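Please treat every number below as a calculation from the coordinates, not as lab data. Note that the coordinates shown come from a computational prediction; the quantities given were computed from them, not determined experimentally. Don't worry about glycine lacking a Cβ; one is built from the backbone with ideal geometry, like all the others, and counts go over all protein chains shown.
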Amino acid sequence: MRENETTGMPPATDAALAVITIAYVALAYTQGGLDIAPETVLDWGGIVPLKWLDGEYWRLLTAGFLHFSLMHIMANAICLLAWGVPLERLFGSVRLAILLLGSIITGSLASVLMRQEPFVGAGASGGTSGLLGALFLLWLCRVIPLPASFFVINIGLNVAITLFVPGIDWQAHLGGFVGGAAIAGLMLLAARGTRG
């Protein structure tokens with residue numbers, strides 16, 4: 001894995017940040033402002049249960065690259081940097097990409113299967129929650145040395161934001177977290193299988 005000479009970041013994390021940024025700038029330009037209407041997000045690939053049930057499965061992935069506001073994309077970009085860079089350095093670029101994309105899909109699935117009210121879903125938080133889930137599993141398995149306070153703070157902030165900020169899709173966060181932990185577990189098993 002070669003880090004980007006301009007940004008100093010690993011390539012998969014760098015690419016994911018570039019994609020969500022380009023998508024947000026394009027949405028904001030189309031919308032004519034920084035707050036993006038749910039209808040616009042839906043037109044660009046956001047997810048709603050009826051579209052998914054009608055066979056538009058690609059929305060499970062595309063929704064993870066779209067954001068509703070500047071604050072929305074900034075929060076996810078910070079999490080992507082904080083959790084994606086160390087994971088990419090540990091796992092490599094291909095595995096990080098698989099982990100991120102898989103977590104976006106599991107987060108989107110959890111969202112459309114668990115939510116009862118009509119909504120348009122979007123945002124990278126299912127994917128970033130999956131990165132946190134992967135870090136948590138790697139910590140439990142003693143693969144990475146992180147203090148317990150890291151998880152108390154990061155998981156605590158996630159729970160607090162979910163409780164106190166309206167419109168947060170906790171189902172996507174939960175689905176992404178569990179999916180990311182499961183994918184990281186499979187990667188660990190595969191790595192141990194090739195060594196053993």
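Among the residues making up the range 119-161, those that are among the small types (Gly, Ala, Ser) and under 14 Å from the mean Cα position of the chain (by Cα) are Gly121, Ala122, Gly123, Ala124, Ser125, Gly126, Gly127, Ser129, Gly130, Gly133, Ala134.
The one condition from (1) in contact with a Gly (Cβ under 9 Å, 6 or more places away or on another chain); (2) buried (at least 18 other Cβ atoms within 10 Å of the Cβ); (3) more than 29 Å from Tyr29 (Cα to Cα) that Phe91 does not meet is (1). Within the range 138-170, restricting attention to residues that are surrounded by 20 or more Cβ atoms within 10 Å (Cβ to Cβ) and in contact (Cβ under 8 Å) with a residue 40 or more places away in the chain, the residue that is nearest to Leu113 (Cα to Cα) is Asp169.
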